[in-house]
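See structure below.
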Amino acid sequence: MKEINLQNAFWPMTDECHDKLNTALSGLREEEPVKRFTARTVLIAACIIVALMAVALAAGQILGWTDFYSNFYNTFVPDGAQQIMRDNGEVTYTVGPVTFTVGGLYFDGHIATASTNARLAEGINALLTGNDPYDAIGANGENGEMIAQKLGVDPELSWVDAAKELKIPLYSVRAILEAPEEYSGEAMEDPMFNDDGSLTYFSMPLLNGKFHGEAMEFGLYLRVQEINVEDPAQQAEALKEHKTISIPLEAPDDTKEYTVPTNMIVEDTVRLDSVRGDLFSGGLYLTASYTVLKEDTSEDDAVDVLYSLEYVQPNGEPFPTGMSLSGGVKDFDTWPVVETEDMISANQFPEKIGLMINGDEASIVILELKK
């Protein structure tokens, strides 16, 4: 990911929150069934957290991916992907006292998505939270403050302390897609709380684009745990279900090339050789091929140069953020040729795209769609 200053995006962590987080990590962590974040995608998690801090829900509203992107990132899910998510339908599972309704399904070989509504069975008076019950309720910004107000508790309370104060049980849930190992990369997951007591759990694995079948069989990991709020070190065994869910592979609608200036060299380090656009229902993937020119250039040095490049509109305005919320160097397997992949939200190919160097609008190079 390109460097972004997120220093001012988060509230300071209080000592109380820090202590409770340590307790939670020591007492509640389970074996993770998906890959954890790497340096390449840690910013995805940060962006999701920032997004969740700023959202407020209308009464009774349950959000999915379309609302997620429009409300949180000022971007959109392309029309085709919205229709696919509807066409792929929903499936419901029950694990203990929780009903999981899995929808928002989309898969194009590069990303897969699922948004799962989790709600307690009718008649159960309890709190429902995500994978981190020691998070402060107010950590979700306006969303959390609204939930805390509805519950009548201080938003600085953790979910555990709120359950203690309200004298009701607390359940922690998780719902994630698991791609087969040979196609999987990093993954994003985060819950958002709805004011009807349910929550929406967002899961998006990133994939390597090497799958070419008609549909991929994903694992669906569902977990429910009643939290012992009095003694975090003594937790009952969580209820876990491993399901299989098939999601059809979306093929690109079209593939086109963009013009590249002859011998376009960036900082005497890399030469841009080609830019290809693959238009999917979920957006436009832009794949650029570069050649590293100097034999003594390290991978880190090449990454620094490549991450100084950004696709923008010809006037310098950014393109709408792509659904993957990610981008960058794919791998170094073909060194000194290196490919980057970025995604923008688009329903069609832009006639012109700009390639900006180091955020300098004066440096923008215009690439035109080949006819």
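The values are calculated or read from the model by the stated rules, or taken from the named source; none is laboratory data. These numbers come from a predicted model, not from an experiment. Here the Cβ is made from the backbone with ideal geometry for all residues, glycine too, and neighbour counts use every protein chain on show. Ligands, DNA and RNA are stripped out before the accessible areas are found, and what is left, the full protein with its side chains, is counted by its heavy atoms. Shrake-Rupley method; radii C 1.70, N 1.55, O 1.52, S 1.80 Å.
From the list Asn125, Asn143, the lone residue that is farther than 29 Å from Pro205 by Cβ and either assigned to a helix (DSSP H, G or I) or modelled with pLDDT of 90 or more (or both) is Asn125. All conditions but one from (1) crowded, with 19+ Cβ neighbours inside 10 Å; (2) at pLDDT 95 or above; (3) farther than 30 Å from Phe211 by Cβ apply to Phe107; the one that does not is (3). Within the range 209-238, the residues that satisfy the criterion of being open to solvent by less than 80 Å² (accessible area, probe 1.4 Å), assigned to a strand (DSSP E or B) and farther than 14 Å from Ala114 by Cβ are Ala215, Arg223, Val224, Gln225. Return the residues of the range 177-208 that are open to solvent by 30 Å² or more (accessible area, probe 1.4 Å) and in contact with a His (Cβ under 9 Å, 6 or more places away or on another chain); say none if nothing qualifies. Those that are open to solvent by 30 Å² or more (accessible area, probe 1.4 Å) and in contact with a His (Cβ under 9 Å, 6 or more places away or on another chain): Glu178, Asn208.
For (1) outside any loop (DSSP other than H, G, I, E, B); (2) in contact (Cβ under 8 Å) with a residue 24 or more places away in the chain; (3) over 20 Å from Asn74 (Cβ atoms), each residue gets a yes or a no:
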site: Thr287; (1), (2), (3): yes, yes, yes
site: Thr291; (1), (2), (3): yes, yes, yes
site: Lys294; (1), (2), (3): no, yes, yes
site: Val305; (1), (2), (3): yes, yes, yes
site: Asp331; (1), (2), (3): no, no, yes
site: Ile353; (1), (2), (3): yes, yes, no
site: Glu368; (1), (2), (3): yes, yes, yes
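If we scan the range 147-159, do we find a residue that is small (Gly, Ala, Ser), under 30 Å from Gly277 (Cα atoms) and at pLDDT 90 or above? No - not one qualifying residue is present in the range 147-159. Screening the range 280-305 for residues that are more than 17 Å from Leu355 (Cα to Cα) and in contact with an Asp or Glu (Cβ under 8 Å, 6 or more places away or on another chain) and picking the one that is surrounded by the fewest Cβ atoms within 10 Å (Cβ to Cβ) gives Lys294.
The condition (being charged (D, E, K, R), closer than 28 Å to Ala187 by Cα and in contact with a strand residue (DSSP E or B) (Cβ under 9 Å, 6 or more places away or on another chain)) is satisfied by just one residue among Glu351, Glu368, Glu299: Glu299.
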